[in-house]
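The values are calculated or read from the model by the stated rules, or taken from the named source; none is laboratory data. Bear in mind that the values here come from a model prediction, so they are computed numbers and not experimental data. Cβ sites come from the backbone with ideal geometry, for glycine too, and all protein chains shown count toward neighbours.
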DNA sequence: ATGCAGTTTGACAGCGTTGTCATTTTAACT
DNA sequence: AGTTAAAATGACAACGCTGTCAAACTGCAT
């Protein structure tokens, strides 16, 4: 039942070490030997024992995915992207949901790394933005990849970091550009008074998206107004509250469009609009951000900015693997900057006259 | 930096084996010795090496969670429930999304088990219902827990199984009772023509929910009508299609309520109703199933059957752990049958007159 | 043929824990 | 105090693999 590397070695008439070389795709194995061993592996249906490999080897065959995100769709996409890569590389994935606020956060992560001897970590926002965690990882000498919001290498979360760090440890999502684009879409529809319902203040993406929105207004000679910005969180409930607050005494401002910080906020705004008997998009345009499945399941469907989370996380995993163990083939196809693109659906329309 | 069991042993003045006994909570360790060792563990901040434990021990400190479910909320809840238990027991969780249709499914799972030497598996529907997978696991001698839809020990998925199997390997969700209850809720609101939009046929839960619905109708002397049953899948899109199909020529039947197979289907039905200008709940009542966050983010909010997935999966993990390694304390608080309870929100109302 | 550098292979000792079994200590009796 | 069974502890060999380093083999120029 249980086939060890030794069995394979005997079967193929080589040493254990050679079998090891083959399954680890190490160079300097003759093609003939390689085939011989592979055949034995097939015939015996050999499965390398992860525990033994982890113990004997320098680093282990497991990476971690750390997140603090209430959005199920986001998390699942992240997992699947990383998992697909792990499968290919023969790595295990240790998932670790956690609470970014927790002051013992980095201790908890350190413990996890030590116990499982993780080869690396993929960090999603907002944890990827926390300096104390990065410092801890650096001091531990663990490889990691940070998913960051920002315009490529200029991201504020990387201030004071070397170019080398930025290039090797970060994947960027250009929320600024996406927000700019989506705001411009609204402006072109004739909207002049556009509100913004923000997500969590501690997420860098909130700042980036807000900045993109503001720059778009500025570039089109529209006045910025603090009163049109609602500071909330990345949740449906916050979207409801935000829309209510913004539209409460709308006579003064005549808001004709609301930009949601993400799809959940936009869905919440949609919900609030119904409560207030406001027709979407006739009286008010609403747009989301992220293009989660959610945005297709509201009424009307949400205009949003498409963000391919599973692709992004897959590239994060690639980047991580390029730094671990083998580094066999240099993976040159890694994309490090993603810019979400606007998807126009039914929740936005021409500004009412 | 790296603290081994040997360091702790020296520090505490005992043998490695004794330290091992302490961290594994084995009996027959004097209280005094226990404290002594624990202190050393604290002082040195010792973290047992998972790989070594997995290799040396009989079974490993990792369990697997296998699922094939497109519903992100469901998956996340399942993960979190199992994870919370794993954390407490010091186990790792290996997640494994897969495709139930895949004919090589059980091979893939077998490979995963062998590679990671998993101590056990938690299986969610529909994989928990596939006999070939169960057989494979039995032959491998791996512990597992099946999440099943059905009335406790009478579940059809367990036909031909011993009582012992049913009690030790299964967690039941009584979808039948829940569907009965929710149908009754509609009947009490005066509805006489209630349609049912089914989920995937291969899911046992579909059959169970359908049966509960039918029995409720029967018990209240309402006629069953095949035409009122739409066979679809557990998706939003299917809900849209289902509602459209059911309501297309509604003059013949005068459907006043639709029972969705789950929340997504119900949300889809809601969406379709909007398309057809049908007021919810004034002209048509719609109810969901599962009480995912989703059901609170539609307009109007969905009446549904609350199913505490994270609690359910936590108990599944408990049951699994009661069969592995330690089995230390007999966990007597494991709940093996859950019955979802009706949550009334705004999508259901009195039948129109 | 001979030598030499480069390539390919193998022997063997760990990696950090737990299982087995022997040994020592304790408690509970005469 | 002396005996005995039970409880607590320890010594040591695995577990299945990889890292290290030495040995054997290659091809190629002499």
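Examine segment B:53-63 for a residue that is free of Cβ contacts under 8 Å to residues at least 40 places away in the same chain and farther than 22 Å from residue A:55 by Cα, and state whether such a residue exists. It would help to see each step written out before you state the result.
First, pick out the residues of segment B:53-63 that are free of Cβ contacts under 8 Å to residues at least 40 places away in the same chain: B:53, B:55-56.
Still in the list and also farther than 22 Å from residue A:55 by Cα: none.
Within segment B:53-63, not a single residue is free of Cβ contacts under 8 Å to residues at least 40 places away in the same chain and farther than 22 Å from residue A:55 by Cα.
Name the residue that is farthest from DNA strand D (Cβ to nearest atom), counting only residues in segment B:51-67 that are buried (at least 19 other Cβ atoms within 10 Å of the Cβ) and in a loop (DSSP other than H, G, I, E, B).
B:61
When you check residue B:241 against the structure, is it without any contact (Cβ under 8 Å) to a residue 60 or more places away in the chain and either surrounded by fewer than 24 Cβ atoms within 10 Å (Cβ to Cβ) or over 23 Å from residue B:181 (Cβ atoms) (or both), yes or no?
So residue B:241 passes the test.
Looking only at segment A:19-32, how many residues end up being near DNA strand C (Cβ under 6 Å from one of its atoms) and surrounded by 13 or more Cβ atoms within 10 Å (Cβ to Cβ)?
1
Scan segment B:98-137 for residues that are in contact with a strand residue (DSSP E or B) (Cβ under 7 Å, 6 or more places away or on another chain), surrounded by 19 or more Cβ atoms within 10 Å (Cβ to Cβ) and outside any helix (DSSP H, G or I) and jot them down.
B:118, B:119, B:120, B:121, B:122, B:123, B:124, B:125
Output the residues belonging to segment B:139-156 that are within 22 Å of residue B:315 (Cα to Cα) and within 14 Å of chain A (Cβ to nearest Cβ).
Residues satisfying the conditions are B:141, B:142.
Does segment B:27-40 hold any residues that are touching a residue at least 24 places away in the same chain (Cβ under 8 Å) and out of contact with any helix residue (DSSP H, G or I) (no Cβ under 6 Å at 6 or more places or on another chain), and which are they?
Of everything in segment B:27-40, just one residue is touching a residue at least 24 places away in the same chain (Cβ under 8 Å) and out of contact with any helix residue (DSSP H, G or I) (no Cβ under 6 Å at 6 or more places or on another chain), namely B:39.
Kindly indicate whether residue B:40 is closer than 27 Å to residue B:123 by Cα and surrounded by fewer than 22 Cβ atoms within 10 Å (Cβ to Cβ). Steps first, please.
Details: closer than 27 Å to residue B:123 by Cα: no; surrounded by fewer than 22 Cβ atoms within 10 Å (Cβ to Cβ): yes.
So residue B:40 fails the test.
Could you grab me the full set of residues in segment A:1-18 that are more than 8 Å from DNA strand C (Cβ to nearest atom) and without any contact (Cβ under 8 Å) to a residue 24 or more places away in the chain?
Selection gives A:1, A:2, A:6, A:10.
Determine which member of the set B:234, B:213 is touching a residue at least 40 places away in the same chain (Cβ under 8 Å) and not in a helix (DSSP H, G or I).
B:234
Can you name the number of the only condition in (1) crowded, with 24+ Cβ neighbours inside 10 Å; (2) part of a helix (DSSP H, G or I) that residue A:218 fails?
Of the numbered conditions (1) crowded, with 24+ Cβ neighbours inside 10 Å; (2) part of a helix (DSSP H, G or I), the odd one out for residue A:218 is (1).
Please specify each residue of segment A:259-294 satisfying the condition of being buried (at least 23 other Cβ atoms within 10 Å of the Cβ) and at positive phi.
A:290, A:291
Report, by residue number, each residue of segment B:65-87 that is over 14 Å from the mean Cα position of the chain (by Cα) and within 13 Å of chain A (Cβ to nearest Cβ). Working first, answer last.
Taking segment B:65-87 first, the residues over 14 Å from the mean Cα position of the chain (by Cα) are B:84-87.
Within segment B:65-87, B:84, B:86, B:87 qualify.
How do the strands (runs of 3 or more DSSP E) wholly within segment B:237-353 filter down when requiring 1 or more residues that are within 20 Å of the chain's Cα centre (by Cα): which remain?
Qualifying strands (runs of 3 or more DSSP E): B:257-260, B:304-306, B:341-343.
Could you check, for segment A:287-310, whether at least one of its residues is under 15 Å from residue A:194 (Cα atoms) and within 13 Å of chain B (Cβ to nearest Cβ)?
yes
Pick from segment A:33-60 the residues that are within 30 Å of residue A:309 (Cα to Cα) and facing chain B (nearest Cβ under 9 Å): which of them is nearest to the chain's Cα centre (by Cα)?
A:60
If you take the residues of segment A:1-10 that are more than 14 Å from every other protein chain (Cβ to nearest Cβ) and more than 8 Å from DNA strand D (Cβ to nearest atom), which of them is surrounded by the most Cβ atoms within 10 Å (Cβ to Cβ)?
Per the stated criteria, the residue is A:9.
Part of a loop (DSSP other than H, G, I, E, B) and either surrounded by fewer than 19 Cβ atoms within 10 Å (Cβ to Cβ) or at pLDDT below 90 (or both): does that describe residue A:48?
In short, no.
When segment A:11-32 is examined, which residues are found to be more than 14 Å from chain B (Cβ to nearest Cβ), in a helix (DSSP H, G or I) and within 37 Å of the chain's Cα centre (by Cα)?
Selection gives A:20, A:21, A:22.
Just one of B:29, B:19 is over 30 Å from residue B:199 (Cβ atoms), within 16 Å of DNA strand D (Cβ to nearest atom) and modelled with pLDDT of 95 or more; which is it?
B:19
Which numbered condition in (1) loosely packed, with under 14 Cβ neighbours inside 10 Å; (2) in a loop (DSSP other than H, G, I, E, B); (3) more than 8 Å from DNA strand C (Cβ to nearest atom) is the only one that residue A:35 fails?
Among (1) loosely packed, with under 14 Cβ neighbours inside 10 Å; (2) in a loop (DSSP other than H, G, I, E, B); (3) more than 8 Å from DNA strand C (Cβ to nearest atom), residue A:35 violates only (2).
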